[in-house]
Structures are given as structure tokens and as C-alpha cells.
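Participant: Please find one structure pasted underneath; my questions will follow.
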Amino acid sequence: RFRADFADRIDPIGEGESALRALMARSRDRHPSHWYRDEARIGRVRFGMRRLAELAQPRGLVTVVVIFPWLEAPGGAYPHAAAHAIVRAEAERHGHRVIDLYDAFSAHELKALRAEPHDAVHPNAFAHRLAAEQIANEILAEHREGAPR
């Protein structure tokens, strides 16, 4: 159904893209990482990253993709690292800068980051403040260096 609904908005994944395919194979077979095992869904991510670049780059806009981690760690291990790597690779493939908030978020207990105690999706005000600090640090680092990265 997904493939049919988005047929005109799925970019192809080449047979020879072994690094990407290895990441896809490493994606966990659990929600939401199971999406990153599917070629059509990765093609949809690729399409979105390409379109964003096509709109931004001719206008001289710098784009930053911010990856928010899923707020869970069953057994203490974060299960979605491969999904983060796929999103990063697809963003960088199209010239977007990437900020992955995993490190900033993992320094805190999950209950300090969640909007609701059992909500692994929505970060609370504190987590949004952490995200804003990371984004601001990236912008400030760019200005200190004098040129966009």
C-alpha cells in the first residue's frame, strides 16, 4: 500500500549500494526501525532529502536535518542507531548538515525527556531545550569559523 500511495515520491535504491543495504539489514525488526528495513521507505526518505536540496540549494539556503531519538532504551541499549545512520547518510548525500540529538539526549534519563511517562515519541520542554542548545551550538560554531559547513 505504501509503495502504491507514494509511487511518484520514492527514489530508487541501487543494487550496488552495499553500505546502505547493510544499514538496512542492521535495522531492528521493531517499531519504528522496521521502516528502515524497507527499500520503498528508504526511497521515500531519499526523495524527501533530494527535494529539500533542490528547493534550498539554488536559493543559497543551508539546510540542517535534526534527528530526534526515539525515547526508549530497552535493556539499556538504544535500538535505533542504524535508522539514525540511514537518515544521516541520506541527508548528507544531498548536502544537508545533520545534528543527531542522540548523544545529548542519552546523557539524561528517559523520564527527564518524555512529555508523558510512557510516550517514547514526544519530547518534553526540557528535551526541546536540549535540542535548541545543540542547534544553537551548531550555528555559533559556523559563525566562529566564518563560513557555512
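Participant: Identify the residue in segment 110-140 that is touching a strand residue (DSSP E or B) at 6+ places or on another chain (Cβ under 7 Å) and farther than 12 Å from residue 69 by Cα and, among all such residues, is modelled with the lowest pLDDT.
Facilitator: 138
Participant: Which one is nearest to residue 136 (Cα to Cα), of the residues in segment 100-119 that are acidic (Asp, Glu) and part of a loop (DSSP other than H, G, I, E, B)?
Facilitator: Residue satisfying both the conditions and the ranking: 109.
Participant: Next question, about the same structure. I need a count of the residues in segment 45-96 that are over 10 Å from the mean Cα position of the chain (by Cα), within 19 Å of residue 26 (Cα to Cα) and not small (Gly, Ala, Ser).
Facilitator: 7
Participant: Continuing with this model, one more query. Test residue 18 against the criterion of being touching a helix residue (DSSP H, G or I) at 6+ places or on another chain (Cβ under 7 Å) and not aromatic (Phe, Trp, Tyr), and give yes or no.
Facilitator: It is false that residue 18 is touching a helix residue (DSSP H, G or I) at 6+ places or on another chain (Cβ under 7 Å) and not aromatic (Phe, Trp, Tyr).
The values are calculated or read from the model by the stated rules, or taken from the named source; none is laboratory data. Keep in mind that what you see is a predicted model, and the values were worked out from it rather than measured. Please note: Cβ atoms are built from the backbone with ideal geometry, for glycine as well, and neighbour counts cover all protein chains shown.
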